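S.K.: Below you'll find the structure I mean.
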Amino acid sequence: MLKFSLRGQFVRGGVSKYCRRHISTPLNRSHTRATRLVSVTFAGLLGGSTILYTHKKAQADTPLDDQIIQQQRTPLSSLLRSYAVYTMCSMPVLVDNSPTILATLVSIPGIRLITEAFVRATFYAQFVGGETAQSSVPLLQKLRSENKGALFAYSVEVDEQEAAGKRYVKEGNSQTAPSHKRIVNEMITCIDVSADFEESRGVPPSARRTWVALKMTAMLPNAQSLINYSKYLVQTRPETPFVPFPGCPHTSDLSVLEDHKYPSDISPLTPEDILALKGLHDDLVRICSRAKERGVKIIIDAEYSWYQPAIDAFSLSLMQKFNKLPDASTSQPSWTFVPRIFRRPNTNEYPEVQPLVYATYQAYLKRTPLHLAYSLAHAKANDYALGVKLVRGAYHPHEEAAHISPTSPSAIQHNAHPTDMSSSSLAISPTGESPVWHGKHLTDACYNACASALVKHIRDDVRNTCNNKHVNSTAPRHNPPTVGVLFGTHNWDSCDRILGCLVEEGLAVCERVGPRSQEVIKIREELGDRLAIGQLYGMSDALTNSLINRTASSAPLVIKYVPYGSLSDVMPYLSRRAIENKSVLGSGAAAAERRRAGAEIRTRVLG
């Protein structure tokens with residue numbers, strides 16, 4: 001059982017001695033308001049740039065900052081871009097109104113091209129890998145040369161207006177989101193490009209570090225079908241005791257899609273929803289089948305809580321199918337006279353890459369400790385490997401806003417009146433209570449407790465695998481892991497805790513290497529297909545480089561989430577990146593990122 005106190009302290013255990021230490025709904029604003037904010041933006045950039053030439057030296061925020069800045073020779077143009085982007089991300093009024101500003105500017109004749117060029121040269125270049133999968137390959141090569149892997153994603157997201165079933169305006173015309181079938185086909189292409197890249201390098205399956213992420217909301221004609229399905233599941237699935245909303249998935253969740261009769265008239269699901277969801281399931285199986293053939297891991301991204309029950313249902317089904325573990329009774333030929341030396345697992349049934357499919361667990365959800373414990377037990381009882389991507393969560397402001405009720409703490413804090421409650425709220429929680437923690441310290445405690453528990457499960461899995469190889473000489477040569485974890489975090493403390501836990505649990509050792517006796521954490525080879533740490537491309541590069549400098553492993557330990565797509569397709573992603581920056585880079589972290597870039601720019605320009 002995962003345990004942590006609500007004060008953010010671990011109930012059990014401590015920090016290793018080796019460890020050192022949310023998109024706002026667009027508001028209707030006038031062109032004057034947008035123009036004023038844009039003016040403030042450029043004024044802020046101009047004023048902020050003077051910091052580069054002040055006599056005050058930027059101080060390092062972590063012990064390795066100076067070393068990282070010296071070692072990572074980033075082009076000056078990239079440093080200037082990073083400085084500009086992080087300056088803008090540190091202006092809350094600009095970030096909160098960025099969707100409105102962009103929508104206003106692109107609607108003004110003559111300004112649209114200038115606006116798109118500005119976004120392309122700043123946020124797009126900072127956070128996006130390229131227009132297409134193939135054009136992003138040079139970035140994959142650059143990352144690998146720096147000992148970094150990639151979580152590759154065709155990044156078409158659903159914003160709040162689309163989530164509500166509304167249309168968006170583009171070039172003066174009302175359009176729906178891009179064709180979901182085209183998106184599915186692009187994900188197949190993404191898998192092929194990822195596999196081709198790894199194969200060209202001769203990397204064995206267990207050491208491959210180009211994975212593919214997908215978002216289910218982009219794979220339907222209308223994301224409302226996922227909301228309706230989530231409502232249906234909340235109403236009908238067996239309850240999991242003590243697990244708060246959105247609960248836990250059940251093996252019977254997809255039965256409604258397999259029945260030949262449609263739900264009753266009172267069901268939130270329509271015949272159109274059923275048809276769309278069946279198509280989604282078929283497409284997911286197609287994607288995972290291709291990933292299995294090519295040896296590419298699939299990471300299913302989490303989304304808003306009103307989608308999550310449906311996403312969980314599909315994720316569980318896919319893991320049970322594609323993460324199936326070999327069994328001695330089924331993995332060997334049925335002919336008893338076949339010599340033992342020729343007996344092998346059926347590699348057509350059991351992929352070389354395991355776990356193949358990962359689900360995302362959001363630490364800001366109150367359910368996550370119990371949900372994760374349930375998932376680990378369910379996977380063990382049903383003989384499939386559990387793939388876990390552990391993140392804090394990127395939708396906190398929306399979750400809080402959507403779940404405001406007259407009696408909730410948020411409503412009391414905002415003096416909300418019953419008549420102010422929007423009847424169009426997307427929240428589907430049976431109690432109306434927000435599913436997320438109300439304080440960041442609670443989210444941090446939840447994340448760290450879950451991370452610690454996952455490392456212990458990895459330890460047990462490694463031990464069991466080693467024991468099986470030693471005791472049972474007839475055990476299959478390929479012993480796939482029963483758990484795999486991607487720790488997605490931009491938090492220095494969490495990363496230090498994870499590394500410390502690896503050392504404490506015997507999964508890594510600290511050694512002094514080099515003429516300066518630098519301490520390096522050497523990670524066991526068995527963790528190659530069991531553990532990775534990830535950050536978003538364009539964010540927290542100092543943390544990424546620090547992890548690389550402090551560790552040694554047979555495969556890249558750190559991967560960067562690399563989205564790609566045309567500027568118009570990834571605009572919702574860029575808007576969320578700006579808001580997520582405001583959250584991730586709070587408490588002075590944005591200023592720290594700015595200082596790091598500024599310090600190196602000064603060094604390059606002034607010497």
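S.K.: Under the 0.36 nm per residue contour assumption, what length would be gained going from the current alpha-carbon distance of residue 456 and residue 285 to full extension?
M.R.: That works out to 58.4 nm of additional length.
S.K.: Show me 450-461, 117-128, 504-515 ranked by packing, highest mean number of other Cβ atoms within 10 Å first.
M.R.: Put in order of decreasing packing, that is 450-461, 117-128, 504-515.
S.K.: State the answer as a single residue: which of 285, 304, 271 lies farthest towards the positive end of the charge dipole of the stretch 184-327, with beta carbon charges of +1 for Lys and Arg and -1 for Asp and Glu, about the Cα centre.
M.R.: Looking along the dipole axis, the top candidate is 285.
S.K.: State, to one decimal in nm, how far the label point of residue 141 lies from the label point of residue 327, with both points 7 Å from Cα in the Cβ direction.
M.R.: Taking the two extended label points, one gets 4.7 nm.
S.K.: For a 24 Å ceiling on Cα separation, which of these pairs sit above it: 231/560; 297/560; 148/380; 181/366; 380/456?
M.R.: Pairs exceeding 24 Å: 231/560; 148/380; 181/366.
S.K.: Quickly work out the residue 120-to-residue 201 label distance, labels modelled 7 Å from Cα along the C-beta direction, and quote it in nm with one decimal.
M.R.: So the label points at residue 201 and residue 120 sit 2.9 nm apart.
S.K.: List the residues of the stretch 490-510 whose backbone N lies under 11 Å from a point placed 7 Å from the Cα of residue 552 along the Cα-to-Cβ direction.
M.R.: Label zone hits: 509-510.
S.K.: How would the stretch 234-298 be classified by its alpha-carbon gyration tensor: rounded, prolate or oblate, with rounded meaning a/c under 1.5 and the a/b versus b/c comparison settling the rest?
M.R.: Oblate.
S.K.: Here is a follow-up. On a full-extension model of 0.36 nm per residue, what is the gain between residue 493 and residue 517, subtracting their alpha-carbon distance, rounded to one decimal in nm?
M.R.: 6.3 nm
S.K.: A further question follows. What FRET efficiency, computed as 1/(1 + (r/R0)^6) with R0 = 45 Å and r the Cβ-Cβ distance, is obtained for residue 431 and residue 112, rounded to the nearest 0.05? Can you show the working numbers first?
M.R.: Details: r = 45 Å, r/R0 = 1.00.
About 0.50, to the nearest 0.05.
S.K.: How many angstrom lie between the C-alpha centres of the stretch 279-299 and the stretch 180-224?
M.R.: That distance is 8 Å.
S.K.: Report the extension gain between residue 240 and residue 381 in nm, rounded to one decimal, defined as 0.36 nm multiplied by the number of residues separating them, less their alpha carbon distance.
M.R.: The residue 240-residue 381 span can extend by a further 49.1 nm.
S.K.: How far apart, in nm, are the 7 Å Cα→Cβ label points at residue 189 and residue 567?
M.R.: Inter-label distance under the simple model: 2.0 nm.
We did not get these values from a lab; they are worked out from the coordinates using the rules stated. Because the structure is predicted, anything quoted here is derived from the model rather than measured. As a convention, Cβ positions derive from the backbone with ideal geometry for all residues, glycine included, and neighbour counts pool all protein chains shown.
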